[in-house]
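Chemist: Okay, here's the structure, questions in a sec.
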Amino acid sequence: MAFVFLDFETRSSTPIEHGLTQYFGDKDFGIIVSCYAVNDGPVIKSAANSTDILRTQPELIELLRDPDNTLVAHNAEFEVKAMKEGYGYEHPWSRTICTAAQARAHNLPGNLDMLAKALFTDAAKPANAKALIKRYACPPFEDPALDPVAWSQFVEYCANDVELMRRSFKAMPFLNYPMLKSDREAFAAIRRINDRGIKIDRELAEYGCKLAAETRDSVNQVLCKLTAGRIQTVSQTAALAKLLDMGSLSAEAVEEALEESDSPVRSAILMLRQMAGQSSASKFERLLSMSDSDDRLRGQFVFRGAPHTGRHAGFGVQVHNLPKQVISQINLEHDITMIKAGAPQLCISDPMPLAVSLVRPSLIATEGNQFYDIDWNAIEARLTAWAAEEQWILDVFLEDRDAYVETYTALTGKEAKGKNDRNLGKVTTLAFGFGGGAGALLRGCVQAHLRATEVLPRVEYDIEGKAWLDDLLKRHPKWLVASAEKIKMDWRAVRPATVQAWAAVQDCFLSGEGRAAKMEFFRDGDATVMKLPSGRHLIYWNVKYERGADGMEISALGVYKNGMHRSKLTKGKIFQNGIQAMAVDVLDNTLTRAEKAGLPTVLHIHDQVVEDGTIHDGENLKAIMETSPDWLQPGLLKAELEVRERFAK
């Protein structure tokens, strides 16, 4: 058996940001440099001449056709599809390893240069690499004969990538992908979903793009007037934060500031920022530019793209983060009908909320099909109860009772009588399940668009001497902070097994051995490893436990923006990573089984899966989603199905 390490440099007039289908389908596409090495052998280089591209490489294709040989490439989808388009050779995925996927599966950067920097002290990218790519891979495609020295540097850049990839492949762990069968199957499922794509309503997206651009301009004009010209656009976030005296302009921070504002001008500026945060112009632009000639949006998911848990991240349009509908469903349906009829002047919604609300409906089912949109009910809460062995709440889930109502009753000793009572059970479950405190509860109310003063009961509780509440007291009434703290303590009192699980998980994490909450821990060189019930592993690099500004602190290296970054961990956060990773494994099991059953998945968003098919497909998918993997307690999962023609949730 041999590993064939391969890297191409290619050219195309279509930006790669438009997606691989458009990039490879461009009339100017071609392979211009090819470098490969077999096992530990020398790097073999091939390069185009001044008049043509590389049309074929018989010796390379012969190597790859050998059933005993495996292709290894970084972002292997690129090389596989480039060979199909450029050489007419379709390499089987069963004999392909992607080192970018291997890196992400082990909490290492997916970018090759950043990966090499994380693994080796002597890794360096040529200083002129970007300039060389621009000269030879982008229009007007400089003739290599004009500057033989630069062209030689470009070829060596490709050869250097093969060397870095080979070194990285050997240095990385093999705990997950490509050795773990379930990870290989999940990788294959994500790839098929990416290739299948999802249909877009181009007409609606084009109108939405135009409307969003117009409303963005209007917002900027109003902002400029309110700030007397000091701020021209809402994208000037640093200047806007300084004007508002805010450390952050996150959606949560803006919402809280709006609640506290007593100045009409300040409130108006905050509302403009809020509107801008929901801006949909860039989403529409990406929808349109990345959709292929058949109006399908492809390649939108990155296998293990989110560190710490191994969630699959979004790419391009970022379907995991589409703006939510902000107008009523009946108004939205009316307005879409008018737009499609060529009479947008008859829309009844205001332009900005309409623009925001049109993004999701721009994703549509294939003609003759419908979307079967299915999501798990409270999957993280269910997994928490199972992993922590909190029997009373586990029984609630297994018996299909309302966990939020039961939580309210457990907290208060009273029967839930109204919506606010159930809401209290819900926000406390979400806020406290992973070690959150009073602040998490108050933020949870904001995020759920609930008034904390209406949801939280007013109780007497002494918070004197609790310094961690000081920041909350600057922004909230004392009675509200006291009530939130009291409810936290009550919640922990009725969830003792969960509280104990946080501590047990932390103890095992720090010692690098043991088992807690269905998670096993061990050390592997510089890595602290959490083995999940599925057999997948979460990797934490260079864990430290040392004194910090707030006492003893845990930290670890992990991926952040394609590089490695040290971040703090708490017992609740470590436990949360494990639970969320279990939810990922439930999703992966579903996607794998759905693909094997021939069910056409087009979207998946954490706890939600969308099929583009028939009612038979939808019912089959729901049955799969409610069937526990072999490592999870049977009967624990529950899913809810909605049928629609356009994506909405």
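The values are calculated or read from the model by the stated rules, or taken from the named source; none is laboratory data. Predicted, not measured: the structure shown is a model, and the values here were computed from it. All Cβ positions, even for glycine, are placed from backbone atoms using ideal geometry, and neighbour counts span all protein chains on display. Protein only, heavy atoms only, side chains kept; ligands, DNA and RNA dropped before computing areas. Shrake-Rupley method; radii C 1.70, N 1.55, O 1.52, S 1.80 Å.
Chemist: With respect to LEU354, is the statement that it is over 27 Å from the mean Cα position of the chain (by Cα) and buried (at least 19 other Cβ atoms within 10 Å of the Cβ) true?
Modeler: Values: over 27 Å from the mean Cα position of the chain (by Cα): no; buried (at least 19 other Cβ atoms within 10 Å of the Cβ): yes.
In short, no.
Chemist: Among the residues of region 94-141, how many are at pLDDT 95 or above and touching a Phe, Trp or Tyr at 6+ places or on another chain (Cβ under 6 Å)?
Modeler: 6
Chemist: Continuing with the same structure: Here are GLU77, GLU90, GLU62: which of them is among the acidic types (Asp, Glu) and within 23 Å of the chain's Cα centre (by Cα)?
Modeler: Details: GLU90 fails: within 23 Å of the chain's Cα centre (by Cα); GLU62 fails: within 23 Å of the chain's Cα centre (by Cα).
Answer to the selection: GLU77.
Chemist: While we're here: Hey, could you check region 593-649 for residues that are small (Gly, Ala, Ser), touching a residue at least 24 places away in the same chain (Cβ under 8 Å) and within 29 Å of GLY316 (Cα to Cα) and say which is surrounded by the fewest Cβ atoms within 10 Å (Cβ to Cβ)?
Modeler: So, considering only residues that are small (Gly, Ala, Ser), touching a residue at least 24 places away in the same chain (Cβ under 8 Å) and within 29 Å of GLY316 (Cα to Cα), the one surrounded by the fewest Cβ atoms within 10 Å (Cβ to Cβ) is ALA597.
Chemist: Would you mind stating whether ALA504 is in a helix (DSSP H, G or I) and among the aliphatic types (A, V, I, L, M)? Steps first, please.
Modeler: On the way: in a helix (DSSP H, G or I): yes; among the aliphatic types (A, V, I, L, M): yes.
Yes.
Chemist: Right, another one. What number of residues in region 86-114 are of a type in the set (D, E, K, R) and surrounded by 21 or more Cβ atoms within 10 Å (Cβ to Cβ)? Talk me through it step by step, then tell me what you get.
Modeler: Of the residues in region 86-114, the ones of a type in the set (D, E, K, R) are 90, 95, 104, 113.
Narrowing the set further to residues that are surrounded by 21 or more Cβ atoms within 10 Å (Cβ to Cβ) leaves 104.
Residues in region 86-114 being of a type in the set (D, E, K, R) and surrounded by 21 or more Cβ atoms within 10 Å (Cβ to Cβ): 1 in total.
Chemist: Taking the conditions exactly as written (within 25 Å of ILE579 (Cβ to Cβ), free of Cβ contacts under 8 Å to residues at least 24 places away in the same chain and in a helix (DSSP H, G or I)), does GLY444 satisfy them or not?
Modeler: yes
Chemist: Taking the condition modelled with pLDDT of 95 or more, open to solvent by less than 70 Å² (accessible area, probe 1.4 Å), touching a strand residue (DSSP E or B) at 6+ places or on another chain (Cβ under 9 Å) and under 30 Å from ASP335 (Cβ atoms), does LEU180 pass?
Modeler: no
Chemist: Hey, another quick one. I'm trying to understand the selection: among the residues of region 185-198, which are surrounded by 21 or more Cβ atoms within 10 Å (Cβ to Cβ) and touching a Ser or Thr at 6+ places or on another chain (Cβ under 7 Å)?
Modeler: Correct list: ALA186, ALA189, ILE193.
Chemist: Identify, please: which residue in region 425-484 is over 19 Å from ALA257 (Cβ atoms) and of a type in the set (Val, Ile, Thr) and is, among those, surrounded by the fewest Cβ atoms within 10 Å (Cβ to Cβ)?
Modeler: Applying the filter and picking the extreme gives VAL459.
Chemist: Another one. Only residues that are touching an Asp or Glu at 6+ places or on another chain (Cβ under 6 Å) and either open to solvent by 10 Å² or more (accessible area, probe 1.4 Å) or of a type in the set (D, E, K, R) (or both): list them for region 33-84, please. Spell out the reasoning first.
Modeler: Step one: filter region 33-84 for residues touching an Asp or Glu at 6+ places or on another chain (Cβ under 6 Å), giving 33, 35, 50, 73, 84.
Across region 33-84, the qualifying residues are SER50, LYS84.
Chemist: Can you name the residue in region 362-421 that is more than 30 Å from TYR207 (Cα to Cα), small (Gly, Ala, Ser) and not in a loop (DSSP other than H, G, I, E, B) and, of all such residues, is most open to solvent (accessible area, probe 1.4 Å)?
Modeler: Checked region 362-421; the qualifying residue most open to solvent (accessible area, probe 1.4 Å) is ALA410.
Chemist: Quick one: count up the residues across region 333-351 that are assigned to a helix (DSSP H, G or I), surrounded by fewer than 16 Cβ atoms within 10 Å (Cβ to Cβ) and among the charged types (D, E, K, R).
Modeler: 2
Chemist: Shifting gears a bit: Does VAL529 fit the bill of being assigned to a strand (DSSP E or B) and either within 30 Å of GLN300 (Cα to Cα) or at pLDDT 95 or above (or both)?
Modeler: Values: assigned to a strand (DSSP E or B): yes; either within 30 Å of GLN300 (Cα to Cα) or at pLDDT 95 or above (or both): yes.
Yes.
Chemist: Please determine, by comparing only the residues of region 284-313 that are in a loop (DSSP other than H, G, I, E, B) and of a type in the set (D, E, K, R), which one is nearest to GLN576 (Cα to Cα).
Modeler: Applying the first criterion (in a loop (DSSP other than H, G, I, E, B)) to region 284-313 yields 292-295, 298-300, 303-312.
Cutting the leftovers down to of a type in the set (D, E, K, R) gives us 292, 294-295, 298, 304, 311.
Working: ASP292: 38, ASP294: 41, ASP295: 39, ARG298: 31, ARG304: 17, ARG311: 13 Å.
Ranking the candidates gives ARG311 first.
Chemist: Something else now. Identify the residue in region 546-559 that is modelled with pLDDT of 85 or more and loosely packed, with under 13 Cβ neighbours inside 10 Å and, among all such residues, is nearest to ALA105 (Cα to Cα).
Modeler: It comes out as GLU546.
Chemist: To continue, here is another question. Which members of region 222-250 meet the condition of being assigned to a helix (DSSP H, G or I), touching a residue at least 24 places away in the same chain (Cβ under 8 Å) and out of contact with any helix residue (DSSP H, G or I) (no Cβ under 7 Å at 6 or more places or on another chain)? Even if it seems obvious, please write down each step before you answer.
Modeler: Taking region 222-250 first, the residues assigned to a helix (DSSP H, G or I) are 222-226, 237-244.
Keeping just the survivors that are touching a residue at least 24 places away in the same chain (Cβ under 8 Å) gives 222-223, 226, 240, 243-244.
LEU243 - this is the single residue of region 222-250 that is assigned to a helix (DSSP H, G or I), touching a residue at least 24 places away in the same chain (Cβ under 8 Å) and out of contact with any helix residue (DSSP H, G or I) (no Cβ under 7 Å at 6 or more places or on another chain).
Chemist: A further question follows. State all residues of region 312-328 that are open to solvent by 60 Å² or more (accessible area, probe 1.4 Å) and either at pLDDT 90 or above or under 15 Å from the mean Cα position of the chain (by Cα) (or both); if no residue qualifies, say none.
Modeler: PHE315, GLN318, ASN321
Chemist: Here's another thing I want to ask about it. List the number of the failed condition for ILE133; all other conditions in (1) touching a helix residue (DSSP H, G or I) at 6+ places or on another chain (Cβ under 9 Å); (2) crowded, with 16+ Cβ neighbours inside 10 Å; (3) assigned to a helix (DSSP H, G or I) hold.
Modeler: Going through (1) touching a helix residue (DSSP H, G or I) at 6+ places or on another chain (Cβ under 9 Å); (2) crowded, with 16+ Cβ neighbours inside 10 Å; (3) assigned to a helix (DSSP H, G or I) one by one, ILE133 breaks only (2).
Chemist: Given (1) under 30 Å from LEU332 (Cβ atoms); (2) in contact (Cβ under 8 Å) with a residue 40 or more places away in the chain; (3) open to solvent by less than 50 Å² (accessible area, probe 1.4 Å), identify the lone condition not met by CYS158.
Modeler: (1)
Chemist: Suppose we filter SER46, SER12, SER34 for residues that are over 26 Å from LEU297 (Cα atoms) and under 35 Å from the mean Cα position of the chain (by Cα); which single one remains? Break it down into steps so the answer makes sense when it comes.
Modeler: Working: SER46 fails: under 35 Å from the mean Cα position of the chain (by Cα); SER12 fails: over 26 Å from LEU297 (Cα atoms).
Only one candidate passes the filter, namely SER34.
Chemist: Does region 525-545 hold any residues that are touching a residue at least 40 places away in the same chain (Cβ under 8 Å) and either surrounded by fewer than 17 Cβ atoms within 10 Å (Cβ to Cβ) or of a type in the set (Phe, Trp, Tyr) (or both), and which are they? Even if it seems obvious, please write down each step before you answer.
Modeler: Going through region 525-545, the residues touching a residue at least 40 places away in the same chain (Cβ under 8 Å) turn out to be 527, 529-530, 532-541.
Within region 525-545, GLY535, TYR540, TRP541 qualify.
Chemist: Do you know which residues across region 251-283 are at pLDDT below 80, outside any helix (DSSP H, G or I) and open to solvent by 30 Å² or more (accessible area, probe 1.4 Å)?
Modeler: Once the filter is applied, which keeps residues that are at pLDDT below 80, outside any helix (DSSP H, G or I) and open to solvent by 30 Å² or more (accessible area, probe 1.4 Å), region 251-283 yields GLN278, SER279.
Chemist: May I ask you to list the residues in region 202-230 that are among the hydroxyl-bearing types (Ser, Thr, Tyr) and open to solvent by less than 30 Å² (accessible area, probe 1.4 Å)?
Modeler: THR215, THR227
Chemist: Out of everything in region 578-592 that is of a type in the set (S, T, N, Q) and surrounded by fewer than 24 Cβ atoms within 10 Å (Cβ to Cβ), what residue ends up being farthest from ILE374 (Cα to Cα)?
Modeler: Applying the first criterion (of a type in the set (S, T, N, Q)) to region 578-592 yields 580, 589-590, 592.
Okay, now just the ones that are also surrounded by fewer than 24 Cβ atoms within 10 Å (Cβ to Cβ), so 580, 589, 592.
On the way: GLN580: 18, ASN589: 15, THR592: 16 Å.
Only one residue fits best here, namely GLN580.
Chemist: So which residues in region 506-524 are within 14 Å of ALA556 (Cα to Cα) and either open to solvent by 70 Å² or more (accessible area, probe 1.4 Å) or in contact with an Asp or Glu (Cβ under 7 Å, 6 or more places away or on another chain) (or both)?
Modeler: Matches in region 506-524: ARG523 only.
Chemist: Going residue by residue through region 568-585, is there one that turns out to be out of contact with any helix residue (DSSP H, G or I) (no Cβ under 6 Å at 6 or more places or on another chain) and assigned to a strand (DSSP E or B)? Give the steps one after another, and end with the answer.
Modeler: First pass over region 568-585, keeping only residues out of contact with any helix residue (DSSP H, G or I) (no Cβ under 6 Å at 6 or more places or on another chain): 568-570, 573, 576-578, 580-581, 584-585.
Narrowing the set further to residues that are assigned to a strand (DSSP E or B) leaves 568-569.
Yes, region 568-585 contains at least one residue that is out of contact with any helix residue (DSSP H, G or I) (no Cβ under 6 Å at 6 or more places or on another chain) and assigned to a strand (DSSP E or B).
Chemist: Tell me, which residue of region 284-306 that is over 14 Å from VAL356 (Cβ atoms) and in contact with a Cys (Cβ under 7 Å, 6 or more places away or on another chain) is least open to solvent (accessible area, probe 1.4 Å)?
Modeler: Per the stated criteria, the residue is LEU288.
Chemist: Among (1) closer than 21 Å to PRO351 by Cα; (2) buried (at least 18 other Cβ atoms within 10 Å of the Cβ); (3) of a type outside the set (A, V, I, L, M, F, W, C), which single condition is THR233 missing?
Modeler: Of everything listed in (1) closer than 21 Å to PRO351 by Cα; (2) buried (at least 18 other Cβ atoms within 10 Å of the Cβ); (3) of a type outside the set (A, V, I, L, M, F, W, C), THR233 misses just condition (2).
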